[in-house]
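One structure is given below, encoded as structure tokens.
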Amino acid sequence: MQLEIDKLGLQFQVAFLLEKLNISGDELAEFAKASLAAFDDSDKKSDMALYLTGVIKGLSQDQDEIN
């Protein structure tokens with residue numbers, strides 16, 4: 001149950017960013033990928049890295065559902 005609530009929270013955050021920044025899901029995914037690439041090894045296991053990874057996976061799943 002908690003995982004479902006967390007997933008909905010993340011979906012809301014991503015939708016809010018897309019609308020507020022007026023960018024596409026692809027643009028946000030590319031930004032998240034570039035951000036992850038810039039992390040050093042100690043940051044790769046951080047909460048932010050986990051969050052960005054979730055954003056990327058979620059956006060790619062949305063694209064797969066559309067296609």
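The values are calculated or read from the model by the stated rules, or taken from the named source; none is laboratory data. Model, not experiment: these values are computed from the prediction. Don't worry about glycine lacking a Cβ; one is built from the backbone with ideal geometry, like all the others, and counts go over all protein chains shown. All accessible areas refer to the heavy atoms of the entire protein, side chains included, with ligands and DNA or RNA removed. Shrake-Rupley method; radii C 1.70, N 1.55, O 1.52, S 1.80 Å.
Key figures for this structure:
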read-out	value
Looking only at the range 19-32, and only at residues there that are of a type outside the set (A, V, I, L, M) and surrounded by 14 or more Cβ atoms within 10 Å (Cβ to Cβ), the one that is modelled with the lowest pLDDT	25
Filter result (open to solvent by 80 Å² or more (accessible area, probe 1.4 Å) and touching a residue at least 24 places away in the same chain (Cβ under 8 Å)) within the range 8-18	11
Scan of the range 1-46 for residues that are aromatic (Phe, Trp, Tyr) and part of a helix (DSSP H, G or I), ordered by number	12, 16, 31
